[in-house]
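See structure below.
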Amino acid sequence: MTEQAKIERLLRLINLLIGPFYFTINELAEKLETTERTIFRYIQTFQDAGFVIKNENSRYKLIKENKHSAMLYDLLHFSQEEAFILSKAIHSVD
């Protein structure tokens, strides 16, 4: 997998986690077409970077509680369709 594809997957994960719903690791893995282990690693990376990931009954959500996540949350508010279109546009640039 290319580095750009990994970044896209991370952005899609953030988009899911900042939404109104909580997701299980399995649901996130299915939506992002990856393994549960990868999702765990991504979540750990977010936490290591200072983001607050709330785990409620094995369901996860990014919480807007600190300066870093608040800034990112304010910048990233794409619908899944918009994120897909943006991704296609980025991939079409040489």
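What do you reckon, is R59 of a type in the set (K, R), at pLDDT 90 or above, open to solvent by less than 90 Å² (accessible area, probe 1.4 Å) and in contact with a helix residue (DSSP H, G or I) (Cβ under 8 Å, 6 or more places away or on another chain)? Outline the logic, then answer.
Values: of a type in the set (K, R): yes; at pLDDT 90 or above: yes; open to solvent by less than 90 Å² (accessible area, probe 1.4 Å): yes; in contact with a helix residue (DSSP H, G or I) (Cβ under 8 Å, 6 or more places away or on another chain): no.
No: the conditions fail for R59.
Considering only residues that are without any contact (Cβ under 8 Å) to a residue 24 or more places away in the chain and not in a helix (DSSP H, G or I), look in region 20-56 and name the one that is surrounded by the fewest Cβ atoms within 10 Å (Cβ to Cβ).
By that ranking, first place goes to P20.
The values are calculated or read from the model by the stated rules, or taken from the named source; none is laboratory data. These numbers were taken from a predicted model, which means no experiment stands behind them. Quick reminder, even Gly has a Cβ in these numbers, built from the backbone with ideal geometry, and neighbours come from all protein chains shown. The accessibility values were calculated without ligands, DNA or RNA, using every heavy atom of the protein model including side chains. Shrake-Rupley method; radii C 1.70, N 1.55, O 1.52, S 1.80 Å.
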